[in-house]
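K.L.:
Quick one: this structure, given as structure tokens, is what I'll be asking you about.
The values are calculated or read from the model by the stated rules, or taken from the named source; none is laboratory data. Predicted model, so just to flag it, every value in this text is computed and none were measured. We place every Cβ from the backbone using ideal geometry, glycine too, and count neighbours over all the protein chains shown. These area figures cover heavy atoms from the full protein model, side chains too; ligands, DNA and RNA do not enter into them. Shrake-Rupley method; radii C 1.70, N 1.55, O 1.52, S 1.80 Å.
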Amino acid sequence: MSSDPLSEVFNPFYTSIATWKVKFHHVETETTDQLLKVTTAILQISSPFFSYCSSSASFRKTRATLYNPNVSVPKLLINDEFNQRKGLITFKTTNPLTEIKPKLENNGTNKEEISNSMVLQHMYAIMDIVADRVEMHKNIGAQRDNWNRLLLNSVNGMTTTAAIMAGIAAVNGGGASFMALKLSSSLLYMAATGVLLVMNKIQPSQLAEEQRNASRLFKKLHEEIKTNIAFGNPDSDDVKAAMEKVLALDEAYPLPLLGTMLDKFPSLVQPAVWWPEEKSTQREKLVRKVEKNGWNENLEEGMKEIVGVLKRRDTEEYMRLSKLVLKINKILAISGPLFTGIAAVGSALMGSSFYGSFAVILSVVFGAMAVVANSLEHGGQIGMVFEMHRNSAGFLRFMGETIESTLEEGEADEGENGELFEVKVALQLGRSLSELRDLADDASHPHSSMKEEDGEEFDSKLF
């Protein structure tokens, strides 16, 4: 057992003082306290000398101690009682290598924690922005739905009033009242024509449906981000994907009317696209021969048949309906302003000797026809129906691309569980698992052509 010269000199002296003070605690302690202070001062002055002597006497042991992190350097033994009562300094020498080593080991862990923290901050920031988008589209959708009702009521009110004035003017036959009714009727018809031109250009019912769809999709994205944070381990790729989805939704459903408004009468009708387009990459098609992560060969083949039916039947049918509704909407959009314009001309020609009775017929009859056309177009919300079918086709296209991307993933373990994915596809199409499997079996067998001739069965029962 090694001994320290400094400890051997002063520890017996400290022990004697402590023992004497405990036994004679009733005696005046002033002398003892002074003696203790003098001893402490001598200790502090002499500690470098004794340390030097100790290191010179045992050079080899000291060198071994400094380079061995498992052996601690000897420290001065000072009575704990005096340390606590008099506030003496305890000299303790530690090996700096033992303190630096944990810091170096934790350096990589700290960087990883900081990276994860930044990713979570980005995800929460995107989630807040998405929540704000939900409220924005919801409020603007309600506003544009009010536009549709208020403008339709105003236009029909003006048109009906103008037709009544034209009829009353024809009954009176002449005088100052005839001229006043004639001018008022013409002005109301012209005002109704101008409002109708604006309404048919922007299609308020279609605008409201766009904002409702945007609000629903942003809310869905908000829930996806929340689920990813709660159950997953988001990384920088998830942050990038979330940002791309937000920007894609902003482009698909713009808020302003001027400049970026969607064309309400497109020459080429296409399904709505609100998700970021995948970059063209060559993917190796993998057929999982072994049942793994809920996937098997039968399930994969069934999913491929579902995708084929979605493209061949459902999407084409909704695109056909979209084009039909668009044609009807174009006819009504042209008819409304045309009828009110003809009625305005007829009202202006009333009282003339050549067009007298015929002008009255034009004013009253075409005014009534304009009310009917406007009520069918905006009261029936034909623009909303067109947008609904276009979005339905987009939803089916999105489902097909989702199934294809899931099937083309590199490894079964890295992707989504096959049984869970099958349940999600079935519910999104409004079917049970047995119905979905029966549909895939029917689509894969050629004898189902007889059934297709009688009436094709579509994938989706939801829309």
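K.L.:
Which members of region 359-391 meet the condition of being modelled with pLDDT of 90 or more, open to solvent by less than 10 Å² (accessible area, probe 1.4 Å) and either over 30 Å from residue 195 (Cα atoms) or among the hydrophobic types (A, V, I, L, M, F, W, C) (or both)?
P.N.:
Answer for region 359-391, where residues must be modelled with pLDDT of 90 or more, open to solvent by less than 10 Å² (accessible area, probe 1.4 Å) and either over 30 Å from residue 195 (Cα atoms) or among the hydrophobic types (A, V, I, L, M, F, W, C) (or both): 370, 373, 386.
Here's the yes/no breakdown for (1) open to solvent by less than 30 Å² (accessible area, probe 1.4 Å); (2) among the aliphatic types (A, V, I, L, M); (3) within 16 Å of the chain's Cα centre (by Cα):
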{"residue": "191", "(1), (2), (3)": "no, yes, no"}
{"residue": "195", "(1), (2), (3)": "no, yes, no"}
{"residue": "226", "(1), (2), (3)": "no, no, yes"}
{"residue": "230", "(1), (2), (3)": "no, yes, yes"}
{"residue": "243", "(1), (2), (3)": "no, yes, yes"}
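K.L.:
Another question about this same structure. Say we look at region 199-214 and pick out the residues that are under 18 Å from residue 338 (Cβ atoms) and surrounded by 24 or more Cβ atoms within 10 Å (Cβ to Cβ); which of these is farthest from the chain's Cα centre (by Cα)?
P.N.:
Ranking the candidates gives 199 first.
K.L.:
Sort out which residues of region 150-179 are among the small types (Gly, Ala, Ser) and in a helix (DSSP H, G or I), and write them in order of number.
P.N.:
154, 157, 162, 163, 166, 167, 169, 170, 176, 177 - these are the residues of region 150-179 that are among the small types (Gly, Ala, Ser) and in a helix (DSSP H, G or I).
K.L.:
Can you tell me which of 139, 110 is exposed (fewer than 14 other Cβ atoms within 10 Å of the Cβ) and modelled with pLDDT of 90 or more?
P.N.:
It is 139.
K.L.:
A further question follows. Of everything in region 252-282, what is modelled with pLDDT under 85 and open to solvent by 100 Å² or more (accessible area, probe 1.4 Å)? Give them in sequence order.
P.N.:
258, 277, 278, 279, 280, 282
K.L.:
Would it be correct to say that residue 352 is within 30 Å of residue 186 (Cβ to Cβ) and part of a loop (DSSP other than H, G, I, E, B)?
P.N.:
Yes, satisfied.
K.L.:
Kindly check whether there is at least one residue in region 343-354 that is within 14 Å of residue 192 (Cβ to Cβ), without any contact (Cβ under 8 Å) to a residue 60 or more places away in the chain and buried (at least 20 other Cβ atoms within 10 Å of the Cβ).
P.N.:
Looking through region 343-354, none of the residues is within 14 Å of residue 192 (Cβ to Cβ), without any contact (Cβ under 8 Å) to a residue 60 or more places away in the chain and buried (at least 20 other Cβ atoms within 10 Å of the Cβ).
K.L.:
While we're looking at this one, here's another question. Only one of 332, 324 is over 20 Å from residue 149 (Cα atoms), in a helix (DSSP H, G or I) and of a type in the set (A, V, I, L, M, F, W, C). Can you tell me which?
P.N.:
Only one candidate passes the filter, namely 324.
K.L.:
Something else now. Which one of these is within 21 Å of residue 336 (Cα to Cα) and touching a residue at least 24 places away in the same chain (Cβ under 8 Å): 196, 217, 262?
P.N.:
The unique qualifying residue is 196.
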